Amino acid sequence: MAEHPAYPVGLRLAGRRVVVLGGGQVAQRRLPALIAAGGAIVLISPEATPSVEAMADAGEITWERRRYTEGDLTDAWYALIATGDGEANERASAEAERHRVWCVRSDDADRATAWTPATGHSEGVTIAVLTTEVKGRDPRHTAAIRDAVVEGLRDGTLVARHHRTRTPGVALVGGGPGDPDLITVRGRRLLAEADVVIADRLGPRDLLAELPPHVEVIDAAKIPYGRFMAQEAINNALIEHAKQGKSVVRLKGGDPYVFGRGMEELHALAEAGIACTVVPGISSSVSVPGAAGIPVTHRGVAHEFTVVSGHVAPDDERSLVDWPSLAKLTGTLVVLMGVDKIGRIAETLVAHGRSPDTPVALVQEGTTAAQRRVDATLATVGETVRAEEVRPPAVIVIGEVVNVGLPAAQAPKPSQPS
């Protein structure tokens with residue numbers, strides 16, 4: 001046996017007897033996968049870790065609180081030997097050999113008849129890595145290979161496209177605040193598998209350069225029909241490409257449902273009978289202040305934060321925001337899309353009771369290499385925006401947390417695109 005590498009195989013254990021000897025840390029790590037495989041698991045051990053005991057209490061395994069005895073492996077298909085009793089391990093291993101039960105030994109892999117590979121999962125695929133070296137096995141090396149493959153598949157840096165017919169559809173993907181590293185791993189994977197990408201101006205643009213040449217990239221800001229019809233045109237583009245059998249990603253800045261009009265697109269797709277997946281994204285309302293060293297909540301300072309859109313002024317009849325009520329809150333107010341209206345917003349808050357000395361921070365192009373932070377107060381923010389030439393996109397933070405956070409010079413620096 002020592003001269004030959006292991007033969008890799010996938011065991012189908014659903015409904016079949018699996019015996020685990022020992023209820024310690026090894027069993028705690030291995031049991032979840034055996035449970036997921038549907039094995040009829042019998043744990044034999046006088047003691048178990050709290051996590052293993054919880055599996056027994058939940059009915060996921062059968063726990064016999066005793067030591068191993070001859071005959072415990074009768075009718076077993078697979079055995080995991082992981083006790084601290086070397087003599088019991090030897091006897092159980094010998095029984096497994098006699099009954100032709102594939103047996104893993106945690107104390108002596110060279111004496112086992114089976115090895116547990118380093119495994120990981122990504123979208124219905126199990127990645128299992130075994131070393132081909134019989135002597136000098138290096139579990140850390142195989143685990144590192146597993147991790148690299150799984151991470152690559154998840155984040156889209158390792159692309160393995162589907163070759164069977166795929167169900168056409170649309171994914172509404174939240175791209176995060178701008179830093180390409182802040183998109184979710186699922187969003188990045190779907191982006192790597194797309195045939196068509198309809199991208200927002202505020203999405204992580206650096207990721208578009210990584211797409212294969214065959215991917216059609218459509219700038220949502222330049223879809224025709226004019227400003228008033230822009231959203232309807234985007235909806236139509238999503239539907240048309242999906243009906244052509246293509247995998248379409250709608251790449252949006254932040255989160256699709258935080259001032260992203262994602263639900264409008266979802267409704268349009270549903271009416272057209274198009275399958276749609278929604279992938280949440282990191283909202284700029286929280287991440288951008290954090291990137292500038294500002295917590296939106298802090299113990300003893302702010303027990304709540306409110307996120308509002310400032311794209312229409314407080315005195316505009318289209319505004320749905322109750323500004324007088326917001327002025328009475330003591331927590332943090334985060335304003336998105338409000339750079340050109342912040343002077344009137346500040347005046348309204350002060351008129352309804354908020355102190356004119358309330359700190360304000362404006363974080364322009366947060367999480368990107370161009371990020372900058374400008375500080376002011378409610379009394380001075382209107383003039384500060386003009387004097388400092390603050391431009392969208394910028395997240396505005398109003399409240400005492402601005403002073404709690406790190407000064408701009410000490411705030412964490414945005415990561416650079418790799």
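Inspect region 356-369 for any residue being at pLDDT 95 or above, of a type in the set (S, T, N, Q), in a helix (DSSP H, G or I) and buried (at least 17 other Cβ atoms within 10 Å of the Cβ) and give the result as yes or no.
Taking every residue of region 356-369 in turn, none turns out to be at pLDDT 95 or above, of a type in the set (S, T, N, Q), in a helix (DSSP H, G or I) and buried (at least 17 other Cβ atoms within 10 Å of the Cβ).
Might you let me know whether region 188-199 holds any residue that is in a loop (DSSP other than H, G, I, E, B) and modelled with pLDDT of 90 or more? Show your work before the answer.
Quick first cut of region 188-199, residues in a loop (DSSP other than H, G, I, E, B) only: 193-195.
With modelled with pLDDT of 90 or more added as a condition, the list becomes 194-195.
Scanning region 188-199, I find at least one residue that is in a loop (DSSP other than H, G, I, E, B) and modelled with pLDDT of 90 or more, so the answer is yes.
Residues to consider are I145, I81, I127; find the one that is under 21 Å from P46 (Cα atoms) and β-branched (V, I, T).
On the way: I145 fails: under 21 Å from P46 (Cα atoms); I127 fails: under 21 Å from P46 (Cα atoms).
That would be I81, the only listed residue that is under 21 Å from P46 (Cα atoms) and β-branched (V, I, T).
Look through G300, G293, G273 and report the one residue that is buried (at least 16 other Cβ atoms within 10 Å of the Cβ) and not β-branched (V, I, T).
Among G300, G293, G273, only G293 is buried (at least 16 other Cβ atoms within 10 Å of the Cβ) and not β-branched (V, I, T).
Please give the strands (runs of 3 or more DSSP E) falling wholly within region 225-313 in which 3 or more residues are over 26 Å from the mean Cα position of the chain (by Cα). Write out each step before concluding.
Details: elements: 247-252, 276-279, 305-309.
By residue number, no strands (runs of 3 or more DSSP E) qualify.
For P324, are the conditions met, namely being surrounded by fewer than 20 Cβ atoms within 10 Å (Cβ to Cβ) and assigned by TED's automatic domain parsing to the domain that holds T377?
Yes.
Considering only residues that are over 20 Å from G366 (Cα atoms) and surrounded by 13 or more Cβ atoms within 10 Å (Cβ to Cβ), look in region 200-218 and name the one that is modelled with the lowest pLDDT.
Applying the first criterion (over 20 Å from G366 (Cα atoms)) to region 200-218 yields 209-218.
Next, from what is left, pick out any that are surrounded by 13 or more Cβ atoms within 10 Å (Cβ to Cβ): 210-211, 215-218.
Numbers: E210: 79, L211: 83, V215: 90, E216: 92, V217: 90, I218: 89.
Among residues in region 200-218 that are over 20 Å from G366 (Cα atoms) and surrounded by 13 or more Cβ atoms within 10 Å (Cβ to Cβ), the one modelled with the lowest pLDDT is E210.
Do we have T132 as out of contact with any Leu (no Cβ under 8 Å at 6 or more places or on another chain), β-branched (V, I, T) and modelled with pLDDT under 95 here?
Answer is yes for this residue.
Just give me the residues in region 290-348 being β-branched (V, I, T) and farther than 12 Å from V397 by Cα, in sequence order. Step through it out loud before you land on a result.
Keep residues of region 290-348 that are β-branched (V, I, T), which gives 294, 296-297, 301, 306-308, 312, 321, 330, 332, 334-335, 339, 342, 345, 348.
Within region 290-348, V301, V312, V321, T330, I345, T348 qualify.
The values are calculated or read from the model by the stated rules, or taken from the named source; none is laboratory data. On a predicted model such as this, the values are computed, not experimentally measured, just so you know. When we count neighbours, we look across all protein chains shown, and the Cβ atoms used for this are built from the backbone with ideal geometry, even at glycine.
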